[in-house]
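The values are calculated or read from the model by the stated rules, or taken from the named source; none is laboratory data. What you are looking at is a predicted structure, and each value in this text was computed from that prediction instead of being measured. So basically every Cβ, Gly included, is an ideal-geometry build from the backbone, and we count neighbours across all protein chains shown.
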Amino acid sequence: MLNSPSIICVRDKILLEAVFKPFHVIFDTGRLLSPKTRIRDAEQDHSQRMISPLKTIGVVTSGGDAPGMNAAIRGITRIAYSKNLQVLGFERGWEGLITNSSRPLTPRSVGGIIQLGGTILHTSRCLEFKTPEGINKAAETLASRSLDALVVIGGNGSFHGALELSEETDSLIVGVPASIDNDVFGTDETIGFDTALNTAVDEIDKIRDTAISHERIFIVEVMGRARGFLAATVGLTVGAEIILVPEVKVETRKIVERLEENNAKGKKSGIIVAAEGIGDTRKLGEDIEKETRTEVRLTVLGYAQRGGSPSARSRLLASLFANEAIELLTKNRGNRIVGLQNGNVTSMDLEKSCSKEKPLDLNLLSLANVLAT
Ligand code: F6P
């Protein structure tokens, strides 16, 4: 496709103006059609472009922060520079694209950040980006800053936004999965997941001490939004007696039965790891306490899971993903997310990633169940 003469380089301003000036925007059933959309209708394959080499790329961190985002910013900037690309970092997630708020990133300006949690670019939940106007403003920023590409470091929600933006821009877009939820289809692991996992494990190991001393049941609520990836892995690795995830409904009666069996076996305390997505954990605790007549306490681990210095693994993934993202872009490939699949760093079509739900490996739960006997 790269050499096909029929593909028009829409980033080439002269050609763009020559082709579209007279009809810069037209309406189709009430929808504003951008030049990009009109070309796409004529040409289906837009994951590659036939144009001059990349010059400038943008980077944005979006959605919930995840430890390792800074390592990814550093990796992208330094690898890009090694290939003579300039890098612009957008501030506060999609908001920075809407308000055209950015700063140049250089190998020096990203020094000393590999070990820092959070994101030096800041992030936000940007409601305006969920509107067509917001998307159009972001697309305009990409065009006005002459950005050839945008690297989006974030999770599922950010990639859905990126997909919408890709419909309105000719800049190549590549997603770098970073989220403690680990719920992005197309990668076995997201940047930050391992750090959040270790943070939760450290806390629960401490909670275990007091649970044993007081012979109490503890419910520990972990994050994960509507999915149970974090809860399942945390639960297995702390030896939780019970793991509750949104993907598998468990009746309170079953939980009580299990705890009573444990009690009869001499296990007087227990840890229940519950994903936040299962619902009201406080009410669950009250119900279990009533039924078992054992003291139940609830700990919500909360936002501590999103912070802290990234683990070695999160830094490694960030660096490998950054490398793959720049590799893709230098080959003029966009609209993809990078990821880890069966131990290999690879990439997947952005639209495919957004249209599928990553399955939770239920074997983790069965194994945890056996291990907790
Ligand atoms: O997506 C990351 C995450 O931390 C989820 O685990 C959690 O449900 C959500 O973000 C919290 O979002 P907010 O930062 O908007 O409160």
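At a glance:
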read-out	value
Filter result for residue 238 (touching a residue at least 60 places away in the same chain (Cβ under 8 Å), buried (at least 19 other Cβ atoms within 10 Å of the Cβ) and aliphatic (A, V, I, L, M))	no
Close pairs from the stretch 273-295: first touching a residue at least 12 places away in the same chain (Cβ under 8 Å) and among the aliphatic types (A, V, I, L, M), partner more than 16 Å from the ligand (Cβ to nearest atom) and not in a helix (DSSP H, G or I), Cβ under 7 Å, at least 6 apart	273/240; 273/243; 274/219; 284/219; 288/217; 288/296
Of all residues in the stretch 157-173 being under 22 Å from residue 226 (Cβ atoms) and buried (at least 24 other Cβ atoms within 10 Å of the Cβ), the one that is farthest from the ligand (Cβ to nearest atom)	162
Residue match in the stretch 307-326 (condition: surrounded by 15 or more Cβ atoms within 10 Å (Cβ to Cβ) and either in a strand (DSSP E or B) or in contact with a His (Cβ under 9 Å, 6 or more places away or on another chain) (or both))	no
Which listed residue is outside any helix (DSSP H, G or I), over 30 Å from residue 173 (Cα atoms) and away from the ligand (no atom under 16 Å from the Cβ), from 256, 248, 273	248
Selection status of residue 133, more than 24 Å from residue 357 (Cα to Cα), free of Cβ contacts under 8 Å to residues at least 24 places away in the same chain and assigned by TED's automatic domain parsing to the domain that holds residue 320	yes
Hey, residue 218 among the aromatic types (Phe, Trp, Tyr) and more than 17 Å from the chain's Cα centre (by Cα) or not	yes
Helices (runs of 4 or more DSSP H) contained entirely in the stretch 63-149, each with at least 3 residues that are farther than 19 Å from residue 323 by Cα	94-98, 132-144
Unmet criterion (only one of (1) on the phi < 0 side of the Ramachandran plot; (2) within 16 Å of the ligand (Cβ to nearest atom)) for residue 302	(1)
Test: residue in the stretch 174-187 that is acidic (Asp, Glu) and away from the ligand (no atom under 12 Å from the Cβ)	no
